[in-house]
Amino acid sequence: MELWVTEYQTPALGYSCKISETLRTEQTDFQHLSVVVTEQFGRMLLLDGMVQTTEKDEFVYHEMITRVALNTHPAPRRVLIIGGGDGGTLREVVRHPQVEEGVLVEIDDRVVQAARDFFPDLSCSFDEPKARVLIADGIQYIKDHKDSFDVIIVDSTEPVGPAVELFSAAFYQNCFQALKNDGILVVQSESPFFNADVIKMAYGGIKQHFPITKLYLANVPTYPSGLWSFTIGSKKYDPETLSCEDEGNARYYTSEVHRAAFKLPAFVRQIIEAGE
Ligand code: SAM
């Protein structure tokens with residue numbers, strides 16, 4: 001008998017992977033969590049049936065959500081991650097030579113535990129001296145911290161459940177206040193093909209508060225439609241101008257990819273123009 005896992009990316013589209021094993025399946029206080037072994041992408045983490053990350057393609061998302069902002073800001077010393085309990089974003093943050101502290105605020109301790117148990121390449125930085133892992137609601141955390149961070153990265157689930165407010169203009173305003181006066185915010189803003197409304201919400205909400213707001217793209221095979229967007233809000237630095245050309249040991253990110261990621265197809269430009 002063959003076993004398959006299917007994410008319903010839209011009500012009319014399922015994305016299926018053949019699986020060889022289910023390593024964990026549980027209802028946490030916040031969401032349904034499963035870890036399965038897929039033949040195509042290795043281990044896969046799903047929350048509420050939506051793919052969060054896989055062993056084989058995680059590098060694209062984690063390098064692109066971190067390095068664009070970190071290589072734009074000339075001195076990204078204190079970095080906050082909201083969500084990101086799998087650890088991949090934290091790994092990239094603490095890897096950056098100028099980062100002195102990476103704070104991860106994840107609401108669901110079971111996600112962090114699943115990462116520790118099944119994704120050693122993602123959770124490898126949880127116990128590093130530069131890293132702090134807190135189990136708390138990022139929405140409250142951001143309200144309690146003013147003028148504290150050089151870069152804030154919102155590595156959230158889709159806007160459902162505890163993540164709904166992470167896409168609101170009020171939350172972006174709190175991020176603005178939690179950043180220092182030359183700080184940068186970056187958020188994952190979903191697929192231009194399937195989630196134009198989310199992009200309009202994120203882009204429009206960030207633009208209300210940040211003088212420089214830009215969207216960039218990357219290709220993540222296991223995310224809906226494969227074409228993924230990130231929205232960046234910056235108080236001072238233009239994210240298309242790099243302050244550092246360091247490519248570290250990246251597998252997707254290069255300085256050229258950084259610049260090219262901001263070149264948008266016409267239909268994506270139209271989405272953000274509609275959200276302005
Ligand atoms: N890269 C993934 C994606 O785009 O699908 C997201 C990965 S990460 C696992 C997302 C995390 O955000 C989840 O573990 C979830 O628990 C966390 N999260 C959701 N709402 C949150 C909140 N209000 N505060 C902190 N973490 C939150």
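The values are calculated or read from the model by the stated rules, or taken from the named source; none is laboratory data. The structure displayed is predicted, hence computed values, not measured ones. Please note: Cβ atoms are built from the backbone with ideal geometry, for glycine as well, and neighbour counts cover all protein chains shown. With ligands, DNA and RNA removed, areas are computed over all heavy atoms of the protein, side chains included. Shrake-Rupley method; radii C 1.70, N 1.55, O 1.52, S 1.80 Å.
If Phe118 meets every condition in (1) over 17 Å from Tyr253 (Cα atoms); (2) in the same structural domain as Leu217 (by TED's automatic domain parsing); (3) open to solvent by less than 10 Å² (accessible area, probe 1.4 Å); (4) in contact (Cβ under 8 Å) with a residue 40 or more places away in the chain apart from one, which number is that one?
In the conditions (1) over 17 Å from Tyr253 (Cα atoms); (2) in the same structural domain as Leu217 (by TED's automatic domain parsing); (3) open to solvent by less than 10 Å² (accessible area, probe 1.4 Å); (4) in contact (Cβ under 8 Å) with a residue 40 or more places away in the chain, Phe118 misses (3) alone.
Which residue pairs have Cβ atoms under 8 Å apart, sit 6 or more places apart or on different chains, and have a first residue in region 149-172 that is among the β-branched types (Val, Ile, Thr) and a second that is within 11 Å of the ligand (Cβ to nearest atom) and assigned to a helix (DSSP H, G or I)?
Ile152/Ile142; Ile153/Ile65; Ile153/Thr89; Val154/Gly138; Val154/Leu166; Thr157/Ala163
Have a look at Cys175, Cys244 and point out the one that is over 16 Å from the mean Cα position of the chain (by Cα) and in the same structural domain as Leu70 (by TED's automatic domain parsing). So that I can check it myself, show each step before the final result.
Details: Cys175 fails: over 16 Å from the mean Cα position of the chain (by Cα).
One residue alone meets the criteria, Cys244.
Name the residues in region 185-224 that are within 28 Å of Thr10 (Cβ to Cβ), open to solvent by 50 Å² or more (accessible area, probe 1.4 Å) and out of contact with any Asp or Glu (no Cβ under 8 Å at 6 or more places or on another chain), would you?
Of everything in region 185-224, those that are within 28 Å of Thr10 (Cβ to Cβ), open to solvent by 50 Å² or more (accessible area, probe 1.4 Å) and out of contact with any Asp or Glu (no Cβ under 8 Å at 6 or more places or on another chain) turn out to be Phe193, Phe194, Asp197, Lys200, Met201, Asn219.
On the given criteria, is Phe210 assigned by TED's automatic domain parsing to the domain that holds Arg251, within 16 Å of the ligand (Cβ to nearest atom), of a type in the set (Phe, Trp, Tyr) and closer than 22 Å to Gln270 by Cα?
Working: assigned by TED's automatic domain parsing to the domain that holds Arg251: yes; within 16 Å of the ligand (Cβ to nearest atom): no; of a type in the set (Phe, Trp, Tyr): yes; closer than 22 Å to Gln270 by Cα: yes.
Against the criterion (assigned by TED's automatic domain parsing to the domain that holds Arg251, within 16 Å of the ligand (Cβ to nearest atom), of a type in the set (Phe, Trp, Tyr) and closer than 22 Å to Gln270 by Cα), Phe210 does not qualify.
Looking at Lys236, is it more than 30 Å from Val37 (Cβ to Cβ), out of contact with any Pro (no Cβ under 9 Å at 6 or more places or on another chain) and either more than 16 Å from the ligand (Cβ to nearest atom) or open to solvent by less than 30 Å² (accessible area, probe 1.4 Å) (or both)? Before you say what the answer is, go through the steps one by one.
Details: more than 30 Å from Val37 (Cβ to Cβ): yes; out of contact with any Pro (no Cβ under 9 Å at 6 or more places or on another chain): no; either more than 16 Å from the ligand (Cβ to nearest atom) or open to solvent by less than 30 Å² (accessible area, probe 1.4 Å) (or both): yes.
In short, no.
Name every residue in region 76-95 that is open to solvent by 10 Å² or more (accessible area, probe 1.4 Å), touching a residue at least 60 places away in the same chain (Cβ under 8 Å) and more than 9 Å from the ligand (Cβ to nearest atom), in order of residue number.
Arg77, Arg78, Arg95
Using the structure shown, decide if Thr66 is more than 10 Å from the ligand (Cβ to nearest atom), part of a loop (DSSP other than H, G, I, E, B), surrounded by 17 or more Cβ atoms within 10 Å (Cβ to Cβ) and of a type in the set (Ser, Thr, Tyr). Steps first, please.
Numbers: more than 10 Å from the ligand (Cβ to nearest atom): yes; part of a loop (DSSP other than H, G, I, E, B): no; surrounded by 17 or more Cβ atoms within 10 Å (Cβ to Cβ): yes; of a type in the set (Ser, Thr, Tyr): yes.
Criteria not met by Thr66.
Every residue in region 16-37 that is assigned to a loop (DSSP other than H, G, I, E, B) and open to solvent by 40 Å² or more (accessible area, probe 1.4 Å), please. Steps first, answer last, please.
Quick first cut of region 16-37, residues assigned to a loop (DSSP other than H, G, I, E, B) only: 28-31.
Within region 16-37, Asp29, Phe30 meet the criteria.
Looking at Asp147 and the list (1) of a type outside the set (S, T, N, Q); (2) open to solvent by 10 Å² or more (accessible area, probe 1.4 Å); (3) more than 21 Å from Asp238 (Cα to Cα), which single condition is not satisfied?
(3)
For the condition closer than 23 Å to Leu166 by Cα, open to solvent by 60 Å² or more (accessible area, probe 1.4 Å) and either away from the ligand (no atom under 14 Å from the Cβ) or part of a helix (DSSP H, G or I) (or both), what is the one hit in Gln113, Gln40, Gln98?
On the way: Gln40 fails: closer than 23 Å to Leu166 by Cα; Gln98 fails: closer than 23 Å to Leu166 by Cα.
Every option except Gln113 fails the conditions.
Applying the selection to region 239-268, what residues are open to solvent by 70 Å² or more (accessible area, probe 1.4 Å) and touching a strand residue (DSSP E or B) at 6+ places or on another chain (Cβ under 9 Å)?
Within region 239-268, just Lys263 meets the criteria.
Would you check if there is a residue in region 126-134 being open to solvent by 10 Å² or more (accessible area, probe 1.4 Å), within 12 Å of the ligand (Cβ to nearest atom) and in the same structural domain as Arg91 (by TED's automatic domain parsing)?
The answer is yes; a qualifying residue exists.
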